[in-house]
Amino acid sequence: MKTSGLNPNGALVVFSGGQDSATCLAWALDRFEHVETVGFHYGQVHHVEMTVRHTVRDKIAALNGGWRSCLMADHVFDAGIIGQIGQSPLTGGTAASMLSQNLPDTFVPGRNLLFLTLSAALAYRRGLKHIITGVCETDFSGYPDCRDDTIKALQVAVNLGTDAPFVIHTPLMWIDKAQTWALAHELGGDELVRVIQQETHTCYRGDRVDLHDWGYGCGECAACMLRSSGWKSFQRSKKQAA
């Protein structure tokens, strides 16, 4: 029987330094023996997320001795071509013309498609069977490359294109932001929630000055509003359960 050469206990997390990818990192560390991370520079306005990645990684690993022993290499790649092709306010451009007027102006065409394709290429070289990404259809902001059907189709494509049985995991696919906070609490308790709250970055405008109870951000962009509303719902649920 043919073997793939991929480590069945090895995982690669697409890790931006934001709330979702930090939760996915903890999720992966809780399940796999060898976990690596990958991040991408693509001309994002909120490039500050790339400067907090190492702190977030280190602080998450420090929460659990087992997690610390599982967390391995970090990789960062230049994916600037995305910003050149998919101009949007998220990459410092003006809102581009969209084929569908239902898409938000922060949609960057091909971003997640390219991220996961590049991640699969890296996972192939590193011998890692599992790829984890924080895309979510429940709170997907209208991005079609975050849909479950998209990810399933992409898994088929990369597996056929590499002749390797990768598994793309989407732990957040069917949960909202409040449940994402709750998942972090389930995985690492108040300590992990605090790391995500204080160290991760989500704000599309790159605001790293204003610290709210839910984290840093302008408080006005779509990412901040989603994170803030999720935090409030999470806090209400905790109080009700107490």
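The values are calculated or read from the model by the stated rules, or taken from the named source; none is laboratory data. Values in this document were obtained by computation on a predicted structure and should not be read as measured data. Note: ideal-geometry Cβ built from the backbone for every residue, glycine included; neighbour counts use all protein chains shown.
Screening Met98 against (1) modelled with pLDDT of 70 or more; (2) more than 21 Å from Asp163 (Cα to Cα) leaves a single unmet condition, (1).
Just to be sure I understand, how many residues within segment 139-172 are more than 19 Å from Ala123 (Cβ to Cβ) and either aliphatic (A, V, I, L, M) or out of contact with any helix residue (DSSP H, G or I) (no Cβ under 8 Å at 6 or more places or on another chain) (or both)? Residues that pass the stated criteria total 5. Among the residues making up segment 190-202, those that are in contact (Cβ under 8 Å) with a residue 40 or more places away in the chain and either under 20 Å from Ile175 (Cα atoms) or over 17 Å from the mean Cα position of the chain (by Cα) (or both) are Glu191, Leu192, Ile196, Thr200, His201, Thr202. I'm trying to understand the selection: among the residues of segment 72-95, which are at pLDDT 80 or above, surrounded by 14 or more Cβ atoms within 10 Å (Cβ to Cβ) and touching an Asp or Glu at 6+ places or on another chain (Cβ under 8 Å)? Across segment 72-95, the qualifying residues are Met72, Asp74, His75.
Within segment 117-137, identify whether any single residue is within 30 Å of Val193 (Cβ to Cβ), of a type outside the set (S, T, N, Q), modelled with pLDDT of 95 or more and loosely packed, with under 14 Cβ neighbours inside 10 Å, and answer yes or no. No - not one qualifying residue is present in segment 117-137. Here Ala182 meets each of (1) surrounded by 17 or more Cβ atoms within 10 Å (Cβ to Cβ); (2) in contact with a strand residue (DSSP E or B) (Cβ under 9 Å, 6 or more places away or on another chain); (3) assigned to a helix (DSSP H, G or I) with one exception, condition (2). Checked against the criterion of being on the phi > 0 side of the Ramachandran plot and assigned to a helix (DSSP H, G or I), the candidates Gly206, Gly189 yield just one match: Gly189.
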